[in-house]
Every structure is written in C-alpha cells, then in structure tokens.
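See structure below.
The values are calculated or read from the model by the stated rules, or taken from the named source; none is laboratory data. Quick caveat: nothing in here was measured; it's all calculated off a predicted structure. Quick reminder, even Gly has a Cβ in these numbers, built from the backbone with ideal geometry, and neighbours come from all protein chains shown. Accessible surface is based on the protein model in full, side chains and every heavy atom, while ligands, DNA and RNA are left aside. Shrake-Rupley method; radii C 1.70, N 1.55, O 1.52, S 1.80 Å.
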Amino acid sequence: MADDIGGRFPDPHEYQVPPELEGWEEMYPSHYLFSKERETWEKQQFWYLDKIHAPEPMPPLDLIFQEAWQISLSQYTTRVFCIPPAQGIAQRMVGCYMYICAIAPPPDEVIAEKAEQFGKRVFYVFDHYDELWDKWLIKFKAIGKEMEAVEVPTELPKFVPEDQVIPAPTGCYVSYDILEAFDKVANQMIKAWQYHFEMLNLTYLAYLMFGDVSRKLFPGISESAIGKMVAGAYVSMFRPEEELCRLSRLAVSSRGVADILKSDMTVDQKKAELEKIPDGKHWLEEFEKASDPWFYVSCGSGWFHHEGSWLTQLDIPYSYIKSYVERLENGETIERSLDKLDKERDETVASYRELIKTDEDRKAFDEAYKTIRTIYRYAEDHLFWVEHWLHTIWFAKIRKFGKLLVNNGMINEVDDIFMFTRYEIPELLTELSTGWALGVDIPLRSDYYKAKVSKRRKILEAAGNWNPTPALGVPPAEVAEPFTIMLWGVTTDKVKEWLKGVGEVGGEGVSEIKGFASSAGVAEGPARVLRVLKDLVNLQPGEVLVCPTTNPSWAPVFTKIKGAVTDIGGLTSHAAIVCREYGIPSVTGTGVATSTIKTGDLVRVDGDTGVVTIVERAK
C-alpha cells in the first residue's frame, strides 16, 4: 500500500483541526464523522478532499445534496447496474470539509455475481437511451413542479380559519402543515438525487469504455483527441447561454433597446426604461419567457445556498447581455460554433477510423463510439435540471421556512436556516408548532437557536481561513480507480505531490505546471486569475482564464477567452466538457494554477499535452 508511494497522510482518527473550529462536529450528522466503531475499516481507506462538490466549508443544510449523492451514486454502482469491480464512494466530514474515498473492489465471488447482472442491465440502457431520457425528463420535471407546489405557511394564525372548522373540522392544521411541508421537500430532494444518478455512472462508464477501445486501437492517442471525438453536444446546460445570445440579438434588432442595456444603469433602472418603449416591453416579455426554466441557473456550482441564481441576481444575466450586445455591434460572433465543432469531430473520428485494420476492431470502435455519442450528453443535460433548476427551486422553498422562523423570532435572518441540518430543522418547526398549540405567552428557545447560528457561522468562517490536508490515511501504491482519476483528477503523481507538501502550494518560482490535457489546441495570452464570481467582470477578450474550477453560469465568457486552466477536475469534469464544447484549449486539474499563475502573466496553454507554461511574468 503506502510503501511504494513513499509516505502517508495524517490518520483520520488523530487529525487535529484548529482550536477556532471547536464544536464543528455538532454541525453534521454523527454518521458523517470518523468513529471508533468503524475505525478499522476507515483506516483501510484512502480519503481525499472532494474539491469538486465541496470546495469550501459545508453549511449544515447544504450537506443534504452530499448525503443524497453518496447513497445514489453508490447504489447505482453496487446494487442497480452492478458494475463488477466498483463499489461506492464514502464521505466523512473533518473540520467542515468533506473527504471521500473510493471503496476497494468487492471479493471475487461478488464481482462474478455482479457481472451476470451488468451485461443485461447496462447495455439495455445504452441501447434505449433516447426513450429513457424522455421518461427521465418527464418525471424529473414533475418532482420539481411538486416541490414548487408545496405550500409553506407564512404565519401561524391567532385562530384557525372558520372554514377549517365548520361544517366539518379538517382534522389537522398549520401545526401539522409546516412539519409535513418540510418533510415533503426534503424527501423530494433526496428522491430527485436518486434520479440524478439514473444514467450518470453509465455515462462516465461509456466514456471509459470508449477511451479504452481508442487507446487499444490507437497506441499513443492523446486524451485530448479522445475528448475531441466526443465533443459537440446539444444539451440543456448550454441553453441558458443560448437564450442570452437570442435576447442579445433581439436587443440589437429592436429600436432603443440596445442603448438601454449597454448603459451603466442598474437592472431596475434598465427595466423601468425598457417599459417606456414598445420594443422594450416586448424584449422584457421575451426575457421573462426565457427565465422559466432557463435562468434557473446558479451563479456558482449550485451546491451552496449563498451562491444565488440568475433569478435572484439579475445583474449577472444583464451584464452578459450587455457584453454580447457590444460585441454584436462590433461585428463579432457570440454563439458557440457547433457546425465547426461537428466538422472537426467528424474529421478526427474519420482519420482515426481509417487506421483500423480489421472488421472486428472497426466494429468495436463503431459500437463504442455510437454509445458514447448517444449517452454522453446526459452529463450536461442532467446538470442543468438537477444542480441548477431544481436546486434553485429548493433554495427558494427553504427560504420560506426561514422566513416563517424569522417572523416568529426563532432566528434572526432568513438564511440562518441553512445553519441547521435537515434533521434539526424539524426540531425547530416542532417547537414552533408546540408553542403555537399551547396558547399565548408560551416561551420558545429562540436564544438557544440564535446562539447556535452565531457559533456555527464563526466556525465556518474560521474553517474558510484554514487549509486542511489534501488527504487522510494511507494512499495506495497506485491510484487506479478510474472515476477517481477521470472525475476528481486525483492521480498517483498528484498524491505524490501532496505528500511532498507542494501539491497545493505552487509559487512564483515555478515556470511550468501540468494537468489533464482536457481540450485540444494551443493558446497563448495574458492570464486572468478568478477565484470568485464577481471577478468575472474583469475578464477581458483574449485572456486565458485561470480558476479553481468553472461553473455552468460562466458559459458566456467562453466565447471570448483564448484558453482555460483549472486547479480542479479531470477529463469529464464540467470544466473539461465546456472547454471542448467551445473549442478552447484547456488544461484541468493542475492543483496549483491559481496559486502559481498571477493575473497578467503571459501563459501558454497546451491542451494536447496538459502543460501550462508561464512564458513571462507580469511586470
């Protein structure tokens, strides 16, 4: 295990967090903590920080998404589609950060049993993907609409309305309604995440299978060439950006609209001005039409309540539209060039296919290619509907519970509700219901809950200033688990760097960094290092985007950058996919890009080799 790789990380049962984080354990369910009862098993696993889904300290309620995916992802691998050597991904919290591990393969007899199920179940999905997708989308939209329809009482009335008593008592009242409503939306979220993984693991499996076939038939083929053969997808996650393009073109062709949108007025002022002119009114109507569902887009990853969405932060879509209008007036093209992407992909596929010498190999390649081209779009299709559309509905609904608690003095701010776990919120609501039912002048433990919120916010802030170890426990001699490499970008070399203590540091003395060759091509330009959303406004045309990872809501910037470099992400991460879709050279999963490269540095991005060169440091 550890001997070959040359070291180990802290024991998860002995790892110490800063004293400022005292009490962090109370913020999460007990089964999320390393425990004495499971110590032997936990010591056998290799745990690493999940910077894809949990790059920052975890607010208690936002953990619900992580809880949901741990179960869902794992069950589809182990119990539903029975991928023979694969087990699940386990999660643990340490100091408000989430560590995960890919569990070692099961015994040989279990692998053999799973293999019997695997062939029947997995290839059926591959062969029937289109019809299964249609069914998936119908039921997923239905669960989102059900969540939207859940009524959260806005107040606890002095007396229940008479129509709930006469002519016949309804039998249950607001004290029950608020408990039922929260249980409903929490269960709907868990259920939706069961749907989330219905075909996602198979999507990644298809990519792995296509990669394996390609590497066997074409020794030495680059990862970027494999990715190029998969690119060119008409998927939901790009629709919000396509709607922005449509609205921008409409603005340019309308009388008086573009000038208002280009102005420095606030969004409210722009809307007021647009309302004054006929073309402006029409443009606003079109904006509203596009908003539902296409602007249910998180301003971040969709994983955290504080990120906001295009619906709640209208300045984001309006700023993109302003930029697009200006570029259209300069004669530029703003849309993703799908025709060019399709042509390049088809040419790449044809050139490799010509190298195949036997009918048997040609058949294997054609079948693997057909499968990946059919199912791969699920990776970005589901992303919009789950992490963006549904999570936007969830956050809005949860804030209604927060508002109810604020109105009754239980917490100070609406978003304070996110400082409690999904198991604790029923306790708050039950105490509220009980106090209402008992009559007037019934004291509630408001100070108790407010003190919890205050303490937890301080812990989260302290955790944000802490740099936890990238991994815990004994690393394997070789990181071979394919999803760990492909999705999280954790490789044997990366772990070695972590062990040297340089993997997360980088520095100005470094002139070259390496990562995954995620999107083919070479580009050179000044770097723009972005760590938070608000920095996007500083991005200039022709720059190379350098960031921890990209988010779907950033799509509009991909038509004006030359290249992209990220700290996090493997070959099938969102950053890798979106760069391929926009034909932009990209290197992902460098681990140190944002700490090594500075804004203004001249950098060369080689998306064919996975090397980023700092050509010249900024003066």
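In whole angstrom, how far apart do the alpha carbon centroids of region 128-182 and region 589-618 sit?
Cα centroid of region 128-182 versus Cα centroid of region 589-618: 51 Å apart.
At a 10 angstrom cut-off on C-beta neighbours, averaged per residue, how do the peptides 99-112, 185-198 rank from highest to lowest? Let's see the in-between values first.
Details: 99-112: 15.9, 185-198: 19.6.
Ranked from most to least packed, the peptides come out as 185-198, 99-112.
Based on alpha-carbon atoms only, what is the radius of gyration of region 64-213 relative to the globular estimate 2.2 N^0.38 Å? Could the numbers behind the result be given before it?
Values: Rg = 21.7 Å, N = 150, 2.2 N^0.38 = 14.8 Å.
Output field value: 1.47.
Report, ordered by chain and residue number, the lysines lying within cross-link reach of residue 500, taken as a straight Cα distance under 19 Å and ignoring same-chain residues fewer than 8 apart.
514
State, as an integer percentage, the relative contact order of region 1-116 based on alpha-carbon contacts under 8 Å between residues 6 or more apart.
In percent, rounded to a whole number, it is 27.
Once you order the gyration tensor axes a ≥ b ≥ c over the Cα atoms, which shape class does region 442-482 get: rounded for a/c under 1.5, otherwise prolate or oblate by comparing a/b with b/c?
On the way: a/c = 5.72, a/b = 3.01, b/c = 1.90.
Note, shape of region 442-482 comes out prolate.
Amide H of residue 94 versus every other amide H placed in the peptide plane: which residues, excluding those fewer than 5 positions away on the same chain, fall under 5 Å?
For residue 94, whose amide H was placed from the backbone, the distant partners under 5 Å are 99.
Kirkwood hydrodynamic radius, region 220-270, all distinct C-alpha pairs: what's the number in Å?
Taking the inverse mean of 1/r over all distinct Cα pairs, region 220-270 comes out at 14.2 Å.
What percent do you get for the relative contact order of the chain when only Cα pairs under 8 Å and 6+ apart count? Don't skip to the answer; put the middle values down first.
On the way: 1007 pairs, mean separation 120.3, N = 619.
Reported relative contact order: 19 percent.
Ignoring ligands, DNA and RNA, please state the percent of accessible area on region 197-265 from carbon and sulfur, probe 1.4 Å. Write down the numbers at each step before the final one.
On the way: 1330 of 2510 Å².
Exposed carbon and sulfur together represent 53 percent of the surface.
Take peptides 402-415, 593-606 and line them up by average Cβ neighbours within 10 Å, highest first, as a rough protection proxy.
Values: 402-415: 18.4, 593-606: 20.6.
By packing density, highest mean first, the sequence is 593-606, 402-415.
For the chain, which semi-axes, largest first and in whole Å, follow from the square roots of 5 times the eigenvalues of its Cα gyration tensor?
On the way: eigenvalues 310, 217, 137 Å².
The equivalent ellipsoid of the chain has semi-axes of 39, 33, 26 Å.
Leaving ligands, DNA and RNA out of it, report the carbon-plus-sulfur percent of the accessible area of region 1-147 at a 1.4 Å probe.
With neighbouring chains kept in place, the figure for region 1-147 is 53 percent.
For region 388-432, what does the accessible surface come to per residue with a 1.4 Å probe? Please give it in Å².
Details: 1370 Å² over 45 residues.
The answer is 31 Å² per residue.
Over 23 Å between Cα atoms, which of 262/400; 322/560; 36/450; 51/598; 139/370; 51/619 qualify? Mind showing how you got there, number by number?
Details: 262/400 35 Å; 322/560 14 Å; 36/450 32 Å; 51/598 21 Å; 139/370 26 Å; 51/619 32 Å.
Checking Cα-Cα distances, 262/400; 36/450; 139/370; 51/619 exceed 23 Å.
Please label the shape of region 447-581 as rounded, prolate or oblate, based on the square roots a ≥ b ≥ c of the eigenvalues of the alpha-carbon gyration tensor (a/c under 1.5 means rounded; beyond that, a/b larger than b/c means prolate, else oblate). Walk me through the numbers on the way to the answer.
Numbers: a/c = 1.87, a/b = 1.20, b/c = 1.57.
Since a/c reaches 1.5 but b/c is at least a/b, the shape of region 447-581 is classed as oblate.
Given a 1.4 angstrom probe, what's the average accessible area per residue across region 12-97, in square angstrom?
On the way: 3360 Å² over 86 residues.
On a per-residue basis, region 12-97 sits at 39 Å².
Net charge near residue 196, counting Lys/Arg +1 and Asp/Glu -1 over other residues with Cβ under 14 Å of its Cβ? If you can, show how the numbers build up before the last one.
On the way: positive: 139, 141, 191; negative: 67, 198, 380, 381, 387.
Computed value for this residue: -2.
In Å², and per residue, what accessible area does region 447-562 have when probed at 1.4 Å with the other protein chains present? If you can, show how the numbers build up before the last one.
Numbers: 5010 Å² over 116 residues.
It amounts to 43 Å² per residue over region 447-562.
Summing Lys, Arg as +1 and Asp, Glu as -1, what charge do residues with Cβ under 14 Å from the Cβ of residue 26 carry, residue 26 excluded?
Values: positive: 452, 455, 456, 457, 458; negative: 22, 25, 424, 427.
With Lys, Arg at +1 and Asp, Glu at -1, the neighbours total +1.
Could you order the peptides 548-556, 460-468 from most to least packed, using the average number of other C-beta atoms within 10 Å per residue? Mind showing how you got there, number by number?
Details: 548-556: 23.1, 460-468: 14.7.
Ranking the peptides 548-556, 460-468 by packing returns 548-556, 460-468.
Can you list which of the DSSP-assigned H helices in the chain have a Cα extent of 30 Å or more along the long axis and an average Kyte-Doolittle score of at least -1.0? The partial results should precede the final answer.
Details: long enough: 174-196 (32 Å, -0.22).
Correct list, ordered by number: 174-196.
I need the shape label for region 522-619. Rule: rounded when a/c is under 1.5, else prolate if a/b > b/c, else oblate, with a, b, c from the alpha carbon gyration tensor. Mind showing how you got there, number by number?
Working: a/c = 1.35, a/b = 1.13, b/c = 1.20.
Note, shape of region 522-619 comes out rounded.
What is the percent carbon and sulfur in the accessible area of region 438-591, measuring with a 1.4 Å probe over the protein chains and ignoring ligands?
Working: 3180 of 6050 Å².
With neighbouring chains kept in place, the figure for region 438-591 is 53 percent.
Tell me the mean residue ellipticity at 222 nm calculated for the chain from its helices only (DSSP H runs of n ≥ 4, each -39500 (n - 2.57), averaged over every residue, nearest 500).
Working: 23 runs with 288 residues, N = 619.
-14500 deg cm²/dmol, from helical runs alone.
Rounded to whole Å and sorted largest first, what semi-axes of the equivalent ellipsoid does the C-alpha gyration tensor of region 1-110 yield via the square root of 5 times each eigenvalue? Could you put the intermediate results ahead of the total?
Details: eigenvalues 123, 74, 29 Å².
One finds semi-axes of 25, 19, 12 Å for region 1-110.
How many angstrom lie between the Cα centre of region 92-107 and the Cα centre of region 273-337?
39
Provide the convex hull volume over Cα atoms per residue for region 296-356, in Å³.
Values: hull volume 7.5 nm³, N = 61.
So the per-residue Cα hull volume is 123 Å³.
What is region 83-231's relative contact order, in percent, from Cα pairs under 8 angstrom and six or more apart in sequence? Don't skip to the end; give the middle numbers.
Numbers: 68 pairs, mean separation 22.9, N = 149.
Once normalised by length, the contact order is 15 percent.
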